[in-house]
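The values are calculated or read from the model by the stated rules, or taken from the named source; none is laboratory data. Owing to the predicted nature of the structure, the values given are computational and were not obtained by experimental measurement. All Cβ positions, even for glycine, are placed from backbone atoms using ideal geometry, and neighbour counts span all protein chains on display.
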Amino acid sequence: MRRSAQSAPFPEYGLAELGLAPGDQVRFRRGPKERWKIGTVVRRERDGSVGLTDLKGAARAIPISLIEVRTTGPRGGTVWEPLPERAARTEQLRLL
């Protein structure tokens with residue numbers, strides 16, 4: 001079977017399910033002692049991780065638990081929200 005003929009592996013688990021859209025700015029780090037790196041959301045990967053490009057243009061597949069999303073805080077400042085928290089809130093809003 002050709003790759004183009006296959007359906008999406010996670011059609012119900014797209015970026016919208018996580019509260020993300022292509023082009024959103026996020027930050028990530030691979031280990032607890034590493035510095036945060038800035039990235040841009042591209043797509044949802046086959047394994048469920050998020051496909052990003054970093055500032056150098058390199059493609060990365062980062063697990064959801066290692067990503068924080070840039071958002072605006074209550075006073076207008078930049079706040080970084082962990083992606084699992086955002087995804088849980090997005091799921092709860094869909095239930096209402």
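Among the conditions (1) among the basic types (Lys, Arg); (2) surrounded by 15 or more Cβ atoms within 10 Å (Cβ to Cβ); (3) at pLDDT below 85, the only one that Arg89 does not satisfy is (2). So, in region 77-86, how many residues would count as being surrounded by 14 or more Cβ atoms within 10 Å (Cβ to Cβ) and either modelled with pLDDT under 80 or out of contact with any strand residue (DSSP E or B) (no Cβ under 7 Å at 6 or more places or on another chain) (or both)? Of the residues in region 77-86, 1 are surrounded by 14 or more Cβ atoms within 10 Å (Cβ to Cβ) and either modelled with pLDDT under 80 or out of contact with any strand residue (DSSP E or B) (no Cβ under 7 Å at 6 or more places or on another chain) (or both).
Does Leu52 satisfy the condition of being under 13 Å from the mean Cα position of the chain (by Cα) and at pLDDT below 90? Walk me through it before giving the result.
Values: under 13 Å from the mean Cα position of the chain (by Cα): yes; at pLDDT below 90: no.
So Leu52 does not fit the description; no.
Let's see how each residue does on (1) under 9 Å from the mean Cα position of the chain (by Cα); (2) surrounded by 11 or more Cβ atoms within 10 Å (Cβ to Cβ); (3) of a type outside the set (S, T, N, Q); (4) at pLDDT below 85:
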{"residue": "Arg3", "(1), (2), (3), (4)": "no, no, yes, yes"}
{"residue": "Gly19", "(1), (2), (3), (4)": "yes, yes, yes, no"}
{"residue": "Trp36", "(1), (2), (3), (4)": "no, yes, yes, no"}
{"residue": "Lys56", "(1), (2), (3), (4)": "no, no, yes, no"}
{"residue": "Arg60", "(1), (2), (3), (4)": "no, yes, yes, no"}
{"residue": "Arg75", "(1), (2), (3), (4)": "no, no, yes, no"}
